[in-house]
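The values are calculated or read from the model by the stated rules, or taken from the named source; none is laboratory data. These numbers come from a predicted model, not from an experiment. Because the Cβ atoms are built from the backbone with ideal geometry, glycine has one as well, and the counts that use them run over all protein chains shown. When the accessible area is computed, the model is the full protein with side chains, heavy atoms only, and any ligands, DNA or RNA have been set aside. Shrake-Rupley method; radii C 1.70, N 1.55, O 1.52, S 1.80 Å.
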Amino acid sequence: MQDFFDIDSILSEEERAVRDSVRRFVDDRILPIIGDAYIEGRFPRELIPEMAELGLYGANLPEEYGCAGLNNVAYGLIMQELERGDSGIRSFASVQGALVMYPIHAFGSEEQKQRYLPGMARGEIIGCFGLTEPDFGSNPSGMISMAHEQADGSWILNGSKMWITNGSTAHVAVVWAKTNGDPGDRSIRGFIVPTDTAGFTARDQKGKLSLRASDTSELVFQDVHLPADAILPQSGGIKSPLMCLTQARYGISWGAIGAAMACYEEALSYAQNRVMFDRPIAGFQIQQARLAEMLTEIVKAQLVSLHLGRLKDAGTFTPQQVSLAKRNNVHIATDIAREARRLLGGNGILAEYASMRHMANLESVYTYEGTHDVHTLILGQAITGHSAFR
């Protein structure tokens, strides 16, 4: 894609190299198969080891645990390129790194880090993140999943989780539940749950019209017995899972740019080659207006996420800034995908074109990791000092 604002000039050599290597992987390995995978409703699991070889899992976590140790801008560029391929592919890597590896690194014991992180970085251990419940999405603190501590320090977990990416693929789940050992909000703790534990069930979500090239499941826990060391010892309160969501939302702000870029590039190529009334439709004002608006919003989104990444690397970013980036970038990507589909006319509904696939996927991205409206209220509270949540 044309670098209209010369953004490459403010990226480091390493950041550009990482982006370009993932871009080649997406072009060579994802784009040729993703249309069929989407139609079939199949996550292309054959890509898992290849993505591991590129260091895409937990790429911004320390090298001592087998991760790439990249900065957060390079990590964001990885998410951008993966979602340029498909939101489902980016979601897989995002969950693995930001929602499973990150909480183990942030809240786990050293033994847990050594046990899980290197294998997850190699793609040998796949994880999922269990927070959302059938009746508690935007209000996760209302969860009813419970972990009861036994006299010997072990735990019995009961409950269910919904809309879980990687749920039927995962070897381990990071599950958030209320406990009987701490009062109030502090009672929410994280647990590492091997998915082959008796009483653990993952049920595939059927009938999806979005994120079809992604595994999505409901998790059910029926008297799941866990050892004492299953708990993430440094976790405590709703703040812990929300910290994980902040990491994931940061990556989503970049990923949405990738989807927007794919739609813009497809629309531009189509406009230059589609002849109507004896000339390419790129010469018509309405299509030029569409393309100008797409490019303008992509550039703005790139600058937002790039600066956010620099703030994150400096340790000065805030969750509210992440909310702004996620909210804005997914919104503009959704609009761009729709306008690209319209520019393509009737051909835009065919699977051989990417825009409608991205458009459908982005409807899920618009909703998960904090809905657009919830992020609006987060920003509203930051602006006014008044919470609209209660």
Problem set entry | 10 Å-binned pair-distance histogram of the stretch 152-280 (Cα, whole percent) | 11, 29, 28, 14, 8, 6, 3, 0, 0
For this session: Note the per residue figure in Å³ for the convex hull of the C-alpha positions in the chain.
Result: 138
For this session: Could you tell me what percent of the accessible area of the chain is made up of carbon and sulfur, with a 1.4 Å probe and every protein chain present?
Result: 52
Exercise. Trypsin sites (Lys or Arg not before Pro) within the stretch 214-281: which are DSSP loop residues with at most 10 other Cβ atoms inside 10 Å?
Worked result: none
Problem set entry | Overall Cα dimensions of the stretch 45-85, principal axis frame, Å, largest first | 28, 21, 10
Seminar exercise, completed: Pairs over 29 Å Cα to Cα, from K113/K206; K239/K326; K161/K326; K208/K300; K113/K178, come to K113/K206; K208/K300
Problem set entry | Using alpha carbons only: equivalent-ellipsoid semi-axes of the stretch 263-320, gyration tensor based, whole Å | 37, 9, 6
For this session: Evaluate 2.2 N^0.38 Å with N set to the residue count of the stretch 66-114, then give the Cα radius of gyration divided by it.
Result: 1.26
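Using just the Cα positions, wrap the stretch 135-202 in a convex hull and report its mean projected area in square nanometres, one decimal place.
Working: hull surface 19.6 nm².
Hull-based average projected area comes out at 4.9 nm².
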Exercise. Taking only protein heavy atoms and a 1.4 Å probe, what accessible area per residue, in Å², does the chain have with all protein chains in place?
Worked result: 42
Problem set entry | Coil-residue trypsin sites (Lys or Arg not before Pro) of the stretch 135-226, DSSP, other Cβ within 10 Å capped at 12 | K206
Seminar exercise, completed: Note on the chain: contact order normalised by length, alpha-carbon pairs under 8 Å, 6 or more apart, percent, works out to 17
Exercise. Which ³J(HN,Hα) values in Hz, rounded to whole numbers, follow from the phi angles of the stretch 208-221 under the Karplus curve 6.51 cos²θ - 1.76 cosθ + 1.60, where θ = phi - 60° and Gly and Pro get x?
Worked result: 5, 10, 9, 6, 6, 8, 8, 7, 10, 9, 9, 9, 10, 10
For this session: Kindly list the residues of the stretch 20-60 that lie in the label zone of D3, defined by a backbone N under 19 Å from the point 7 Å along the Cα-to-C-beta vector.
Result: 20-27
For this session: For the stretch 298-390, calculate the relative contact order in percent as a whole number, restricting contacts to Cα pairs under 8 Å that are 6 or more residues apart.
Result: 27
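Compute the Cα gyration tensor for the stretch 211-320, then decide on rounded, prolate or oblate, letting a ≥ b ≥ c be the square roots of its eigenvalues: rounded whenever a/c is under 1.5, prolate when a/b is larger than b/c in the other cases, and oblate in all that remain.
Taking the square roots of the gyration eigenvalues as a ≥ b ≥ c, the stretch 211-320 is oblate.
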Exercise. So how far apart, in nm, are the two label points at L379 and T316 if each is 7 Å from Cα heading toward Cβ?
Worked result: 2.2
For this session: Exposed loop chymotrypsin sites (Phe, Trp or Tyr not before Pro) only (DSSP loop, at most 13 other Cβ atoms within 10 Å): please give the longest stretch of the chain free of them, not including the sites.
Result: 5-276
Exercise. Any idea how far the Cα center of the stretch 62-98 sits from the one of the stretch 303-370, in Å?
Worked result: 16
Problem set entry | Other-chain or far-sequence residues with amide H under 5 Å of S145's (modelled H) | S160, K178
Seminar exercise, completed: The ³J(HN,Hα) series, computed from each phi in the stretch 150-167 with the Karplus coefficients 6.51, -1.76 and 1.60 at θ = phi - 60°, rounded to the nearest Hz and given as x for glycine or proline, is 8, 4, 8, x, 6, 10, 10, 9, 9, x, 8, 10, 10, 6, 9, 5, 6, x
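For the chain, what is the charge dipole size about the Cα centre, in debye to the nearest 20, if Lys and Arg each add +1 at the Cβ and Asp and Glu each add -1 at the Cβ?
It works out to roughly 900 debye.
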Problem set entry | Euclidean distance between Cα centres, the stretch 192-223 to the stretch 156-170, Å | 5
For this session: Enter the per residue convex hull volume of the stretch 70-205, computed from alpha-carbon coordinates, in Å³ rounded to the nearest integer.
Result: 135
Seminar exercise, completed: The correct pair for the stretch 33-144, radius of gyration to one decimal and Dmax as a whole number, both in Å and from Cα atoms, is 15.0, 42
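From the square roots a ≥ b ≥ c of the eigenvalues of the alpha-carbon gyration tensor of the stretch 1-68, which class results: rounded (a/c under 1.5), prolate (a/b over b/c), or oblate?
Judged from the Cα gyration tensor, the stretch 1-68 comes out oblate (a/c at least 1.5, b/c at or above a/b).
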For this session: For the stretch 173-292, calculate the relative contact order in percent as a whole number, restricting contacts to Cα pairs under 8 Å that are 6 or more residues apart.
Result: 20
Seminar exercise, completed: Judged on accessible area alone, 1.4 Å probe, highest first, M120, M359 line up as M359, M120
